Amino acid sequence: MRLPRRRFLQGLAAGPLVATLPAVGCAARGEGLRVVVIGAGAAGLYAGWTLQDEGATVTILEASAVHGGRLRVLEGFADFPIELGAEEVHGERSILHTLLVADGARFVDADDADVYFVDGERRGEGVLEEDDFADAEAFVDALGDWEGDDVTIAARIADEGLAARTTFLTDAWIGNEFGAQNDLIGARSLAQGDAAWSAGDANFALDGTTLLGHLESALAAILPAVKTGQVVTQVDHGADGVTVTCADGTTYAADAVIVAVPITILRDGDITFSPALSDDKLAAIAKVPMGAGMKVVLSFARRFWDADTGSIYGAAHVPEFWATGLGRSDDNLVLTAFVMGDKAEALSALGDDAIATVLADLDAIYGAGVASGAYVDGVIQDWLKEPTIRGAYSYPGPGSHAARSVVAATVGETLYFAGEATHTEGHFGTVHGALETGERAAEAVLAWWWE
Ligand SMILES: Cc1cc2nc3c(=O)[nH]c(=O)nc-3n(C[C@H](O)[C@H](O)[C@H](O)COP(=O)(O)OP(=O)(O)OC[C@H]3O[C@@H](n4cnc5c(N)ncnc54)[C@H](O)[C@@H]3O)c2cc1C
């Protein structure tokens, strides 16, 4: 089975490409159709591009000053661009993978060896052969087979009696990887998502280019339709069309609207809908959780980790570090701390002092003063504090699997929903999943218009 999105740096060993980009220049199903899309992340951009490609007139309203949403790039920090949001391509059968290959992307090809800080010692991958770690790994491998109740992963770990010394690993591989922590992840919801996953098992990282750069190149035609700084506060919808109102009082009239904002924005009621969303829809929105998440990117004057180190597990505050430069950089002097859930909340509360905490974690693993003494610079990307995002990505909380379909459902004929949290077939929390929801919403609008 597919392991939960674990990080492997792999070469371009892709199988046949199943997904395809919509054909350009086919019958214009969107002629005369006007659509407003709210949110210029991957989902909103792809929805807009698909509609425009079919002849529709599209306006994308984006609250922040930039398009891209949870795709963001740090340039000039190292000898390669650094992804502050999404970084990996999960699977070889998706719109995203197809788009990247078509746009000439190169993928990192490097052998890596992970480091595990266990019982106060730095260990190599051999530690996974010890009985209790083998049990933990077998538990992770079998996550997709769970047919029991939607209890939390933490409860299942307790039931299985996994050894306490392996907790750091299941925390990193499950809770942290899925954007939360193990006492918030639903075992059945996770398994249902896993069963529906169809993108393939390989993971890829870009070598020298960025996800945002490739999307900008592939979807260039839609970028002029993005209006930034337009915070949508009200959506009036009905059989006669929609009116979308922004915080500055600007209004936009259209035949249909696609709402492609993070689930947190719907949860917090930033947008008033008239008629109001049903109680069922609001209850479903509340069941699709999204918590804190951050990356702390650190550069060093010298590399104190081995040249082939991939991930480093077992630090007190950071479930996973990885060597961001491995295979991408001649220098390989950058580490990324990847922290989700309550640990991200705790680091977020520290503000800039989070860097000292993260360095102390590395000093504990590599020796007193080793990391902090070599430290040059650091950047904290705290997604919880992004005012128009407010978290990392939706995670499979108990009860969330069924709720996603209700969140995704069209209201009447003119109000449509997209965004990673509305993915009903396991690709939530990913870029390719966001693209797929954008395509789904665009196709639904076109099908209605074409009737
Ligand atoms: C740290 C981190 C690491 C990640 N790693 C990976 C990875 O390795 N691989 C992977 O596939 N995925 C990863 N993801 C997840 C991936 O980034 C997201 O699933 C995807 O980018 C979400 O796209 P979206 O269009 O659904 O939402 P977003 O990108 O959030 O776009 C929504 C847009 O709506 C805008 N908006 C909000 N409110 C309003 C309003 N009222 N009016 C107008 N606009 C509004 C926002 O500003 C935003 O631009 C990661 C995410 C994070 C945070």
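Bear in mind these aren't lab numbers, they're just calculated from the coordinates by the rules spelled out. Everything numeric in this text was worked out from a predicted model, so none of it was measured. Note that each Cβ is placed from the backbone with ideal geometry, even for glycine, and that neighbours are counted across all protein chains shown.
Label zone of ALA402 (point 7 Å out along Cα→Cβ, amide N under 16 Å): in segment 126-153 this covers 147-151. Between the beta carbons of ASP131 and THR228, assuming R0 = 56 Å, the FRET efficiency works out to 0.55 to the nearest 0.05.
Which residues does the label zone of THR410 cover in segment 416-451, counting backbone N under 12 Å from a point 7 Å along Cα→Cβ? Flagged as within label range: 416-417, 440-451. Its alpha carbons considered, the chain gives a radius of gyration followed by a Dmax of 21.9, 69 Å.
With contacts taken as Cα pairs under 8 Å and at least 6 residues apart, segment 130-196 reaches a relative contact order of 47 percent. When only Cα pairs below 8 angstrom with a gap of at least 6 residues are kept, the chain shows a relative contact order of 24 percent.
What the phi angles of segment 376-384 give under the Karplus curve with 6.51, -1.76 and 1.60, with θ = phi - 60°, is a coupling list of 10, 7, x, 10, 9, 10, 9, 6, 4 Hz, glycine and proline written as x. Close amide H contacts of GLY241 (hydrogens built in the peptide plane, cut-off under 5 Å, sequence separation of 5 or more or a different chain): none are found. Potential lengthening of the chain between ASP331 and ALA142 amounts to 64.2 nm, from the contour at 0.36 nm per residue minus the alpha-carbon distance.
Pairwise inverse Cα distances across segment 142-247, averaged and inverted, put the Kirkwood hydrodynamic radius at 18.3 Å.
Counting 0.36 nm for each residue step from THR167 to ASP119 and taking away their Cα separation leaves a gain of 16.1 nm. Here the Karplus relation 6.51 cos²θ - 1.76 cosθ + 1.60, evaluated at θ = phi - 60°, turns the backbone of segment 213-220 into coupling constants of x, 5, 5, 4, 6, 6, 10, 3 Hz, with x for every Gly and Pro.
Here's how it looks for THR250: its modeled amide H is under 5 Å from none belonging to a residue 5 or more places away or on a different chain.
A simple spin-label model places pseudo-atoms 7 Å from Cα toward Cβ; at VAL101 and ASP240 they are separated by 5.0 nm. The C-alpha atoms of segment 130-196 occupy a region whose extents along the principal axes are 32, 21, 18 Å, arranged from largest to smallest. Between the listed residues GLN192, PHE139, GLY412, the Cα displaced farthest toward the positive end of the dipole of the chain, a dipole computed from Cβ unit charges relative to the Cα centre, is found at GLY412. Amide hydrogen proximity for PHE273: with H placed 1.01 Å from N in the peptide plane, the residues at 5 or more positions away or on another chain lying under 5 Å are VAL235. Taking a straight line from the alpha carbon of LYS295, these lysines sit under 21 Å away, with near neighbours fewer than eight places off in the same chain left out: LYS343, LYS385. Set Lys and Arg Cβ to +1 and Asp and Glu Cβ to -1, take the dipole of the chain about its Cα centre, and tell me which of LEU435, GLY175, GLY341 lies farthest positive. The listed residue farthest towards the positive side: LEU435. Projecting label points 7 angstrom from Cα along Cα→Cβ for THR57 and ALA196 puts them 3.6 nm apart.
DSSP beta bridges fully contained in the chain are about 70 percent antiparallel.
In plain terms, the chain from ASP109 to VAL376 could stretch by 93.4 nm, reckoned as 0.36 nm per residue minus the Cα-Cα distance.
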